[in-house]
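The structure appears below as structure tokens.
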Amino acid sequence: MLAVESLDRDALHLLGNLLYHHTENAGEAEKMLKKALFVNNSHVECLCDYGTLLQNAGRNLEAEDQFLRALQVDKNSDIAMRSYAFLLHDHLQEYVLILHFERFDTCIIEYACIK
């Protein structure tokens, strides 16, 4: 039974990747990756691929969950660490922009109150 489950998981994972990378059908790819994770929710590569799909769709919090799950399974996984690092880098850029604009708005409000 374990061999069949493993084969199903790997087949679903590969099908999800093919759909995403070669047909750009993110919806169907997401379904296949979710099914693969339903069969085995500790498949590090599948967790990272699903996280990358979510990140590319702008669903960063969901992506972060997948990368952290992958790191819980294997804290030394290169792909999980690299994927999570890219996400954090993107988050850092977003945070810096938000912080910049919040400070800019605060300065304008403070300036308006002084006048």
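Read the figures in this text as sums done on the coordinates, not as results from a lab. If you're wondering where the values come from, they're calculated on a predicted model, not measured in any experiment. Here the Cβ is made from the backbone with ideal geometry for all residues, glycine too, and neighbour counts use every protein chain on show.
Could you list ASP65, ASP78 so that the one with the fewest beta carbons within 10 Å of its beta carbon is first and the one with the most is last?
ASP78, ASP65
What net charge is computed for the residues neighbouring ALA80, neighbours being all others with C-beta under 15 Å from the C-beta of ALA80, Lys and Arg scored +1, Asp and Glu -1?
Value of the local net charge: -3.
Taking the beta-carbon count within 10 Å as an exposure proxy, list VAL73, VAL39 from fewest neighbours to most.
Fewest-to-most ranking of VAL73, VAL39: VAL73, VAL39.
Using Cβ contacts closer than 10 Å as the measure, can you line up ARG82, ARG59, ARG69 from fewest to most?
Listing ARG82, ARG59, ARG69 from fewest to most nearby Cβ atoms yields ARG82, ARG59, ARG69.
Just add up the charged neighbours of ASN56: K/R +1, D/E -1, any other residue whose Cβ is under 12 Å from the Cβ of ASN56.
Local net charge: -4.
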